[in-house]
Amino acid sequence: MQFKAMILAAGRGERMRPLTDSRPKPLLTVGGHMLIEYQINRLAQAGFTEIVINHAYLGEMIASMLGNGERYGVHIVYSPELEVLETAGGIANALPLLTNHDLNRPFLAVNADVYCELDYARLLPVLSDIMQHGTGRLAHLVLVDNPAHHAAGDFVLNHGTVGLAGEKQLTFSGIGIYHPVLFSDVVPGQPVKLAPVLRAAIAEKRVTGEYFSGVWEDIGTPARLEQLDRQLTERQG
């Protein structure tokens with residue numbers, strides 16, 4: 001079974017200004033490559049060759065720079081947004097491209113503005129399991145240690161089930177597997193955030209997760225972009 005992946009690339013990147021005044025955040029460069037290229041290459045290495053990318057702000061630059069994905073060994077299609085639809089709204093808008101109108105086919109979605117060394121191939125069995133067992137499980141989230149700028153965390157992980165409250169809070173990495181039914185109440189074309197959609201499913205105990213202890217960076221400010229650039233450049237040198 002060929003599963004699709006979505007790269008969420010429609011954000012404005014306000015905190016990255018002035019760097020994002022003339023270039024969308026996913027095209028900013030660290031370690032000699034654009035942020036979004038790291039995601040594309042890791043997806044390709046794991047066998048995700050069908051990729052959907054949403055875009056809004058300066059989106060034509062993303063499409064022009066990446067093209068159809070041939071040089072990365074993947075096939076890219078785009079889900080343009082006239083206004084930023086937020087994460088859940090953007091995913092709902094792209095569902096026909098992600099599922100081919102098969103509402104039992106889960107997919108992987110990743111943020112364009114995170115750098116993560118997770119091997120996405122380890123998520124393939126989860127995708128297969130969710131598809132096999134239908135709508136019992138609506139999402140599977142990758143959780144990481146809380147960074148300094150998000151010390152409170154988002155969720156807890158209890159024996160593979162994601163919860164809303166507990167002692168050991170972890171941060172949602174921006175990497176998740178979703179069943180299309182999760183977005184059944186999201187009206188396409190309307191801005192909707194992902195967090196409340198996830199919390200509703202978590203409250204129903206329909207979200208699983210896993211902990212990733214490897215390299216993960218949320219590139220939310222110019223300072224964090226510069227720090228990651230130094231780290232990757234030093235490693236390459």
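Being buried (at least 19 other Cβ atoms within 10 Å of the Cβ), touching a strand residue (DSSP E or B) at 6+ places or on another chain (Cβ under 9 Å) and farther than 25 Å from S64 by Cβ: is that true of Y120 here?
yes
Cβ-Cβ distance below 7 Å, separation of 6 or more or different chains: which pairs start in the stretch 75-98 with a residue that is among the hydroxyl-bearing types (S, T, Y) and end on one that is part of a helix (DSSP H, G or I)?
Short answer, once both residue conditions are applied: Y78/A63; S79/N93; S79/A94; S79/L97; T87/L194.
Check off (1) in contact with a Pro (Cβ under 6 Å, 6 or more places away or on another chain); (2) over 30 Å from K168 (Cβ atoms); (3) modelled with pLDDT of 95 or more for L103 and give me the number that stays unchecked.
The single condition L103 does not satisfy is (3).
For Q39, indicate whether it is closer than 25 Å to P188 by Cβ, crowded, with 20+ Cβ neighbours inside 10 Å and of a type in the set (S, T, N, Q).
Taking the combined requirement at face value, the residue satisfies it.
Sort through Q231, Q236, Q227 and tell me the only one that's exposed (fewer than 13 other Cβ atoms within 10 Å of the Cβ) and either under 20 Å from T29 (Cβ atoms) or of a type in the set (G, A, S) (or both).
Q236
Counting only residues that are among the β-branched types (V, I, T) and under 16 Å from the mean Cα position of the chain (by Cα), which one in the stretch 209-232 is farthest from E83 (Cα to Cα)?
Only one residue tops the list, namely V215.
Within the stretch 99-108, can one find any residue that is closer than 30 Å to T29 by Cα and in contact (Cβ under 8 Å) with a residue 60 or more places away in the chain?
Yes, the stretch 99-108 has at least one match.
Consider V162 carefully, then state whether it is in contact with a helix residue (DSSP H, G or I) (Cβ under 8 Å, 6 or more places away or on another chain) and loosely packed, with under 14 Cβ neighbours inside 10 Å.
no
Can you confirm whether the stretch 137-157 contains a residue that is buried (at least 16 other Cβ atoms within 10 Å of the Cβ), in contact with a Leu (Cβ under 6 Å, 6 or more places away or on another chain) and in a loop (DSSP other than H, G, I, E, B)?
yes
The values are calculated or read from the model by the stated rules, or taken from the named source; none is laboratory data. Because the structure is a prediction, the values reported are computed rather than measured. Because the Cβ atoms are built from the backbone with ideal geometry, glycine has one as well, and the counts that use them run over all protein chains shown.
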